[in-house]
Amino acid sequence: MAVAAQVVQHVHGLHRDFANIQAHSLWLQQFQQSPEAWGAVHELLSQNSDEVVHHFAAQTLVTKLQRGHMPDGGSLRQELMQYLQKFWQGPFAVRQQLVVAMVDHQLWRPAGEDSQWITESIRILSEHRDAAPSLVELLLVIPEEAINRKVVVSSERRSAFAASMLQHSRAVLDVLWTAAQGGPAMATVALKACARWLRLQHADPALRGQKRAVTNIVGGAGGPYCAELVRHGWVQEHPLVKQAAQTLAEFTSAGLALTQTCADVVSEVHALTNETTPHARSAVMLVVHAVIEASRKLVPMTQQYLERWMPPGGDLAQRTAMVGGVLSELGGAFTRLVLADAAEVAKAASAGQVVTPPSAA
């Protein structure tokens, strides 16, 4: 029996032959480690089959690539894109494994190819309307795989990959903004990807150096820090980030999943700086205004629960937790802004000037 046919038999057995699940599982694990797996996976993904077989084949690609098991020849990048093209319309589980495989494969390629890889991948997937979900999922996966320790590349390669990806942050957010216009479901995934790219900024060596700087030897307090995309002023002005802040401010205008994702985005924006410089202030104030507006809508809705418990797990309870979470993160920012404004007022007063500190409301 051909290897691909054996794989199908054991995958089906894993889901149907409950008396021999362990034997089927062991055979499939051994298959994933074998060199013959490459040819069988290609055959399985190229032919029509059911979802569980396709998913296992795609998962095998991820398993092998995370361990650094590369096939002979240099055409895997093109093959992965061809596989993905077949599954543009789903199933989602198969497509998701394939985009993970694409990123894991690139992590084993030379760092000099990273910029061309992401640029070319975005270009190819942007040319086809049916590929929009695949494009957003690829951008969602890149920051996660960049820090995924299951991919056993060196720390130097991991850092180089993250640095290469960060150079494309603005282009990525532009692509995600376009995708977010495709409806609430697409917007939720696009904003989730946005939050992950903002979190990836902390892999920037310059930002990490700022955060490690010690300004208080006794207390060990870190010094001021500000991500480049905040310092340059474009992230807080980006329409996707503004959409996230506006959706959170409106509080009940969007579904729970979308609102939670928007809260994650504004939380990540706030985490990019602890400075009170003009650019940093504009980023923080974007978050502050969103939380204040959301709180104004939240307070009247919670009055009835002052004398009785709010039902846990309900829509209002979860939305309250979202706003409360971001608000708790802003505590230090409020203090820094007040101190900075006080210092400006004192400086102006000593010079005989009159200064009105900016309002947070």
Using just the helices of the chain, give the 222 nm mean residue ellipticity in deg cm²/dmol: DSSP H runs with n ≥ 4 each add -39,500 (n - 2.57), and the total is spread over all residues, rounded to 500. -22000 deg cm²/dmol
For Gln66, the net charge from surrounding residues (Cβ-Cβ under 10 Å; K, R +1; D, E -1) works out to +2
Gap in Å between the Cα centre of the range 223-247 and the Cα centre of the range 61-113? 32
Once both axes come from the Cα atoms, what is the angle between helix 184-200 and the longest principal axis of the chain, in degrees from 0 to 90, rounded to 10? 80
Taking each pair of distinct Cα atoms in the range 83-141 once, what is the resulting Kirkwood hydrodynamic radius in Å? 11.6
Starting with the highest mean, order 11-23, 74-86 by the number of other Cβ atoms within 10 Å, averaged over the residues of each peptide. 74-86, 11-23
Quantify, in whole percent, the carbon and sulfur part of the accessible surface of the range 21-159 (1.4 Å probe; protein heavy atoms only). 50
Could you state the angle between the C-alpha long axis of helix 21-33 and the longest principal axis of the C-alpha atoms of the chain, as a value from 0 to 90 degrees rounded to the nearest 10? 80
Of every hundred units of 1.4 Å-probe accessible area on the range 254-340, the number belonging to carbon and sulfur atoms, as a percent, is 65
Within 13 Å, Cβ to Cβ, of Val241, how many net charges do the neighbouring residues add up to if Lys/Arg are +1 and Asp/Glu are -1? -2
Just check the chain against the gyration tensor rule for me: Cα atoms, a ≥ b ≥ c as the square roots of the eigenvalues, rounded for a/c under 1.5, and otherwise prolate or oblate depending on whether a/b exceeds b/c. prolate
Whole number in Å², please: accessible area per residue of the range 170-266, 1.4 Å probe, ligands, DNA and RNA not counted. 44
Filter Lys242/Lys297; Lys86/Lys192; Lys64/Lys150 down to the pairs with a C-alpha to C-alpha distance above 22 Å, please. Lys86/Lys192
Tilt, helix 331-350 to longest principal axis of the chain (alpha-carbon atoms), in degrees rounded to tens, equals 40
Taking 0.36 nm per residue of separation between Glu144 and Trp309 and subtracting their Cα-Cα distance, the length gained on full extension comes to 55.6 nm
If packing is taken as the average number of other Cβ atoms within 10 Å across a peptide's residues, how do 118-131, 191-204, 233-246, 297-310 rank, most packed first? 191-204, 233-246, 118-131, 297-310
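The values are calculated or read from the model by the stated rules, or taken from the named source; none is laboratory data. All figures in this text were calculated on a predicted structure; none of them were measured in a lab. So basically every Cβ, Gly included, is an ideal-geometry build from the backbone, and we count neighbours across all protein chains shown. Heavy atoms of the whole protein, side chains included, go into the accessibility calculation; ligands, DNA and RNA do not. Shrake-Rupley method; radii C 1.70, N 1.55, O 1.52, S 1.80 Å.
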